[in-house]
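Engineer: Quick one: structure below, then a few questions.
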């Protein structure tokens, strides 16, 4: 068996945590359903030697050590909400090592942790950062997730504008259904969590998560995994 070591410092590292397969539809921002949902606190590992944080310590670049030893990284211990700390530290490592997409994922997961802690102001702030990182994306999945981040952050004007932008691009039937659902929630000034199944009334020919059917390719296949 190949030895696992922290990519930042070379200390022994544990295998990454594998969440159980979700049995319930994900949220509109793709937070997985239960039982995976409740394992969020286990998704990030912390190296006992250098303190680097990541879902898989062995995948970290060596440059992550300098980030983990930085004053900014240490300061998160006193400035960040405790429930979001390790996710925020992972986000900082991603930012400093140039992984913008993973930085956004880490910050969104931190927003989920803030949700669980009923820290709504912190969750909104984190979602605002995520939306900024995904600004201008042409990827359908990221575009839909950005729309949810904007709405849940209470940025209703920006969310309405982004929904219009996505609609103008010409989307498939399921994406149009999600956009229309989000537009209704934006008009109602709703910042709440909604399952993706709530946005998808059963169409005649397309897969529908609430019926337990599986999509085959692309974004829609991701509805069924973390």
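The values are calculated or read from the model by the stated rules, or taken from the named source; none is laboratory data. These numbers come from a predicted model, not from an experiment. Using ideal geometry, Cβ is built from the backbone for each residue, glycine included, and neighbour counts are taken over all protein chains shown.
Engineer: State which residue is nearest to residue 158 (Cα to Cα) when the search covers only region 90-119 and only residues that are more than 12 Å from the chain's Cα centre (by Cα) and in contact (Cβ under 8 Å) with a residue 40 or more places away in the chain.
Structural biologist: 115
Engineer: What are the residues in region 100-125 that are more than 27 Å from residue 167 (Cα to Cα) and surrounded by fewer than 18 Cβ atoms within 10 Å (Cβ to Cβ), if any?
Structural biologist: Correct list: 116, 117, 118, 120, 121.
Engineer: Another question, then. If I ask for residues that are over 20 Å from residue 10 (Cα atoms), touching a helix residue (DSSP H, G or I) at 6+ places or on another chain (Cβ under 8 Å) and in a helix (DSSP H, G or I), which ones from region 34-91 would you list?
Structural biologist: Those that are over 20 Å from residue 10 (Cα atoms), touching a helix residue (DSSP H, G or I) at 6+ places or on another chain (Cβ under 8 Å) and in a helix (DSSP H, G or I): 40, 41, 72, 76, 77, 83, 84, 85, 87, 88, 91.
Engineer: Next question, about the same structure. Identify, please: which residue in region 173-192 is over 9 Å from residue 151 (Cβ atoms) and surrounded by 14 or more Cβ atoms within 10 Å (Cβ to Cβ) and is, among those, modelled with the lowest pLDDT?
Structural biologist: Looking at residues that are over 9 Å from residue 151 (Cβ atoms) and surrounded by 14 or more Cβ atoms within 10 Å (Cβ to Cβ), I get 174.
Engineer: All but one of (1) touching a residue at least 24 places away in the same chain (Cβ under 8 Å); (2) in contact with a helix residue (DSSP H, G or I) (Cβ under 7 Å, 6 or more places away or on another chain); (3) under 27 Å from residue 161 (Cβ atoms) hold for residue 128; which doesn't?
Structural biologist: (2)
Engineer: In region 40-62, which residue that is over 16 Å from residue 109 (Cβ atoms) and without any contact (Cβ under 8 Å) to a residue 40 or more places away in the chain is surrounded by the most Cβ atoms within 10 Å (Cβ to Cβ)?
Structural biologist: 51
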